[in-house]
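K.L.:
Have a look at the structure that comes next, please.
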Protein chains: 2
Amino acid sequence: MIQLLPSWNDGVAKQAIIDFVKRVAKIGSPDFIMPAERIAVFDNDGTLWAEQPFYFQGLFVFDRVRVLASQHPEWKDKQPFKAVLENDMKTLAAAGMQGLIELVVATHAGMTTEEFKRTVKDWLATARHPKFNRPYTDLVFQPMLELLAYLRANDFKTFIVSGGGIEFVRTFSEEVYGIPPEQIIGSSIVTRFEVRDVGPVLVREPKVDFIDDQEGKPVGINKFLGRRPIAVFGNSDGDFQMLEWVTAGTPRFGLIIHHDDAVREFAYDRASAAGKLDRGLDEAPKRGWTVVSMKKDWNRVFPSK
Amino acid sequence: MIQLLPSWNDGVAKQAIIDFVKRVAKIGSPDFIMPAERIAVFDNDGTLWAEQPFYFQGLFVFDRVRVLASQHPEWKDKQPFKAVLENDMKTLAAAGMQGLIELVVATHAGMTTEEFKRTVKDWLATARHPKFNRPYTDLVFQPMLELLAYLRANDFKTFIVSGGGIEFVRTFSEEVYGIPPEQIIGSSIVTRFEVRDVGPVLVREPKVDFIDDQEGKPVGINKFLGRRPIAVFGNSDGDFQMLEWVTAGTPRFGLIIHHDDAVREFAYDRASAAGKLDRGLDEAPKRGWTVVSMKKDWNRVFPSK
């Protein structure tokens with residue numbers, strides 16, 4: 001007999017997943033749901049891959065600032081660019097989401113969508129994680145890859161709903177997670193259609209289009225998907241509202257990954273700069289959300305090299 | 001032998017469709033394209049269903065203005081509402097897209113997404129087309145239903161890219177076209193997440209989010225789909241830029257439906273208020289786009305009752 005979800009230890013979390021899938025996918029079950037309605041949404045950072053010491057796209061942005069600094073001499077005296085160039089993580093953390101957006105807009109715009117895609121792919125191919133010394137795309141969670149496959153085998157359609165950039169995630173989602181670009185929802189900047197000598201292109205503009213985080217997640221799901229998913233997987237308070245919205249129906253499944261494994265990955269929650277989990281931990285029990293302990297529930301974290 | 005596309009007469013247009021599908025879907029063809037990349041996009045108004053005497057969503061908006069007028073006594077002296085209440089189509093036409101957007105925002109906002117969906121469904125169930133005296137959802141083009149099915153049978157994924165409202169089209173697309181809500185791209189207004197006593201809801205705000213028309217269509221496709229389709233079907237100059245963008249690659253297929261059948265449907269093109277086709281007709285030959293004559297290429301227009 002094939003073992004389901006082999007990287008998951010037997011326990012409450014694994015059993016809850018399997019029970020839910022049987023409940024909605026088994027013909028004759030009173031809670032049977034048609035395949036077209038079996039939509040599962042996953043946060044990306046901290047849920048499908050790691051997000052420490054900082055969101056990987058943030059690390060990409062910092063690298064871009066360093067590369068582009070020679071064309072922007074003014075950055076060495078201007079925050080938050082100065083903080084990046086001086087590796088001043090304290091000032092950067094204090095600049096918060098607004099500072100990060102400023103960096104994203106400055107480094108992710110002024111090029112076509114194709115040029116941006118190549119830049120990201122080049123970075124992913126060469127950059128290495130500071131702790132694990134592996135490509136970032138190696139730092140996906142093996143138990144979650146198995147979960148994605150298990151859900152798809154039961155006719156679920158899997159979507160990513162990321163606070164990160166939609167075009168960033170799309171560069172690797174199909175290869176790494178088996179999730180095609182049209183099943184990615186994320187934050188975006190404005191693009192503009194332009195006809196050039198080489199043909200029509202889409203140019204990325206230095207203007208925020210949509211922030212797919214917190215209240216933005218249910219909004220983004222409704223905008224892109226047009227119906228309410230039946231299962232939702234997250235790890236931080238940025239996922240709280242989508243967990244709340246998705247699990248308001250029944251039968252529904254909500255799950256939060258708790259990063260409590262300092263040895264194999266990282267341990268963080270209530271006070272973290274990336275992936276802060278506070279309200280979600282408090283409210284999960286009363287809302288019926290499953291909390292996964294990476295330490296106890298997973299017998300393996302990353303795929304083997 | 002099963003006849004392909006039975007409502008299409010033999011001729012250049014039908015042959016061009018079949019040739020393209022064989023070219024990209026037949027294993028061993030030098031232009032073979034993997035199923036995941038076989039994305040086809042369709043305009044809705046005038047391409048999948050009729051759009052005269054005016055866009056059907058426009059007719060829905062006018063009906064909503066009439067219903068809501070008692071709550072808005074100021075509308076009887078205020079344009080473009082006044083023109084709707086007085087059936088003054090000339091003033092309405094002169095108010096153009098800006099006037100229409102004003103009407104849409106006034107009638108489509110201030111309710112939850114669920115309430116809006118019910119309103120549309122109720123209207124579609126009861127309203128009748130002035131010429132054909134049939135429900136609007138009966139006025140889909142039988143040859144296009146066959147084309148959608150033929151493409152899907154060849155592992156294409158079919159999307160709608162509509163200038164109309166994304167939430168409007170989603171209320172009937174799955175039932176009528178077999179296209180699920182997550183494969184609809186369209187114009188939208190802003191929605192806001194709110195937690196009420198009954199649970200979390202999304203509230204439609206009186207603010208335009210995105211206009212999915214002309215230059216907006218390639219932008220919308222890139223935003224929602226994240227990759228360039230290989231086939232594109234439209235009927236008006238509102239589809240010009242998406243035709244241009246999609247067919248810039250190779251192998252690619254572009255097709256324009258020309259409404260030249262006053263007897264069975266409507267005849268209109270260069271000077272029409274809805275579905276104006278001018279530049280597309282001029283440039284189709286040099287761009288290699290197939291032009292369909294409804295009169296000559298289709299032996300049937302609507303499904304039988």
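K.L.:
Other chains' Cβ within 10 Å of A:174-186 residues: what's the mean? Walk me through the intermediate numbers first.
P.N.:
On the way: counts 3, 0, 0, 0, 0, 0, 7, 7, 12, 3, 3, 2, 1.
Mean shielding by partner chains, rounded to a whole number: 3.
K.L.:
What number, in percent, do you get for the relative contact order of chain B if the mean sequence gap of Cα pairs under 8 Å and at least 6 apart is divided by its residue count?
P.N.:
23
K.L.:
Loop only per DSSP, at most 14 neighbouring Cβ atoms within 10 Å: give me the GluC sites (Glu not before Pro) in the stretch B:85-147, ordered by residue number.
P.N.:
Answer by residue number: B:86.
K.L.:
Would you order A:18, B:39 from fewest to most other beta-carbon atoms within 10 Å of each residue's own beta-carbon?
P.N.:
Taking fewest neighbouring Cβ atoms as first place, the list is A:18, B:39.
K.L.:
Near the axis that takes chain A to chain B, which A residue has its beta carbon closest, and at how many Å?
P.N.:
Of all Cβ atoms in A, the one closest to the rotation axis yields A:224, 3.
K.L.:
Students often get this wrong, so check it: of A:26/A:295; A:22/A:131; A:131/A:295; A:117/B:286; A:276/B:157, which have C-alpha atoms separated by over 29 Å?
P.N.:
On the way: A:26/A:295 31 Å; A:22/A:131 39 Å; A:131/A:295 18 Å; A:117/B:286 31 Å; A:276/B:157 38 Å.
Pairs exceeding 29 Å: A:26/A:295; A:22/A:131; A:117/B:286; A:276/B:157.
K.L.:
Compute the label-point distances linking residue A:249 to its equivalents in the other copies; points lie 7 Å from Cα along Cα→Cβ; give nm, one decimal, shortest first.
P.N.:
Taking the point 7 Å beyond Cα along Cα→Cβ, the inter-copy spacings are 3.2 nm.
K.L.:
If each DSSP helix of 4+ residues adds -39,500 (n - 2.57) and the sum is divided by the residues in chain A, what number results at 222 nm, nearest 500 deg cm²/dmol?
P.N.:
Estimated from H runs of four or more residues: -11500 deg cm²/dmol.
K.L.:
Right, next: For residue A:214, what is the net charge nearby, where nearby means another residue's Cβ is under 10 Å from its Cβ and Lys, Arg count +1, Asp, Glu -1?
P.N.:
Details: positive: A:217; negative: A:212, A:213, A:215, A:237, A:239.
For residues surrounding residue A:214, the net value is -4.
K.L.:
Using the basic label-point model (7 angstrom from Cα toward the beta carbon), what is the residue A:27 to residue B:90 distance in nanometres?
P.N.:
Modelled inter-label distance: 6.3 nm.
K.L.:
For each of A:139, B:5, count neighbouring Cβ atoms within 10 Å of the residue's Cβ, then give the residues from fewest to most.
P.N.:
Values: A:139 20, B:5 17.
Going from least to most buried by this count: B:5, A:139.
K.L.:
Any chance you could run the full-extension gain for residue B:208 through residue B:59? It's 0.36 nm times the residue separation minus the Cα-Cα distance, nm to one decimal. Don't skip to the answer; put the middle values down first.
P.N.:
Numbers: separation 149, 0.36 × 149 = 53.64 nm, distance 1.94 nm.
Between residue B:208 and residue B:59, full extension yields 51.7 nm more.
K.L.:
Calculate how steeply helix B:142-153 sits against the longest principal axis of the alpha-carbon atoms of chain B, using the helix alpha-carbon long axis, and give the answer as 0 to 90 degrees to the nearest 10.
P.N.:
Long axis of B:142-153 versus the principal axis of chain B: about 60 degrees.
K.L.:
Distances over 30 Å make up what percent of all Cα-Cα pairs in the protein assembly as shown?
P.N.:
Result: 57 percent of Cα pairs exceed 30 Å.
K.L.:
Okay, moving on. So the label point sits 7 Å from Cα along the Cα-to-Cβ vector; using that for residue A:34, what distances do you get to the other copies, in nanometres, sorted shortest first?
P.N.:
Label-point distances to the other copies, shortest first: 3.1 nm.
K.L.:
Under 8 Å for C-alpha pairs, at least 6 residues apart: give me the relative contact order for the stretch B:56-126, rounded to a whole percent.
P.N.:
Details: 35 pairs, mean separation 22.4, N = 71.
In percent, rounded to a whole number, it is 32.
K.L.:
Now for a separate question. Could you check what % of the DSSP bridge pairs in the protein assembly as shown are antiparallel, to the nearest 5?
P.N.:
Roughly 40 percent of the beta bridges in the protein assembly as shown run antiparallel, per DSSP.
K.L.:
So how far, in whole Å, is the C-alpha centre of the stretch B:12-55 from the one of the stretch B:252-305?
P.N.:
Here the two parts' Cα centres lie 15 Å apart.
K.L.:
Starting from a label point 7 Å past Cα on the Cβ side, list the distances from residue A:133 to the same position in the other copies, nm, shortest first.
P.N.:
8.2
K.L.:
In whole Hz and in residue order, list the ³J(HN,Hα) couplings for the stretch B:31-40 that follow from phi through the Karplus curve 6.51 cos²θ - 1.76 cosθ + 1.60, θ = phi - 60°; x for Gly and Pro.
P.N.:
9, 3, 10, 4, x, 4, 8, 7, 10, 10
K.L.:
Right, here's the next one. How far is the Cα center of the stretch A:183-246 from the Cα center of the stretch A:101-164, in Å?
P.N.:
14
K.L.:
Where both partners of a DSSP beta bridge lie in chain A, what percent of those bridges are antiparallel, to the nearest 5?
P.N.:
So the antiparallel bridges in chain A amount to around 40 percent.
K.L.:
Order these by the 10 Å Cβ neighbour count, fewest first: A:239, B:63, A:213. Don't skip to the answer; put the middle values down first.
P.N.:
Numbers: A:239 31, B:63 15, A:213 22.
By the 10 Å Cβ count, ascending, the order reads B:63, A:213, A:239.
K.L.:
Given Cα pairs under 8 Å that are at least 6 residues apart, what percent is the relative contact order of the stretch B:83-189?
P.N.:
Reported relative contact order: 20 percent.
K.L.:
If you don't mind, there's one more thing I want to ask. Which whole-Hz couplings ³J(HN,Hα) result when phi for each residue of the stretch B:287-302 is put into the Karplus expression 6.51 cos²θ - 1.76 cosθ + 1.60, θ = phi - 60°, listed in order with x for Gly and Pro?
P.N.:
Taking θ as phi minus 60°, the curve returns 8, x, 7, 7, 10, 9, 8, 4, 5, 8, 8, 10, 8, 8, 9, 9 Hz for the stretch B:287-302.
K.L.:
Here's something else I'd like to know. With a 10 Å radius around each residue's Cβ, average the other Cβ atoms per peptide and rank A:280-287, B:167-174, B:25-32, B:293-300, highest first. Could the numbers behind the result be given before it?
P.N.:
On the way: A:280-287: 14.5, B:167-174: 22.6, B:25-32: 10.2, B:293-300: 17.2.
So the order, starting with the most tightly packed, is B:167-174, B:293-300, A:280-287, B:25-32.
FYI, it's all coordinate maths here, none of it is from the lab. As the structure is a prediction and not an experimental result, all values here were calculated from the model. Cβ coordinates were reconstructed from backbone atoms using ideal geometry, including for glycine residues, and neighbour counts include every protein chain displayed.
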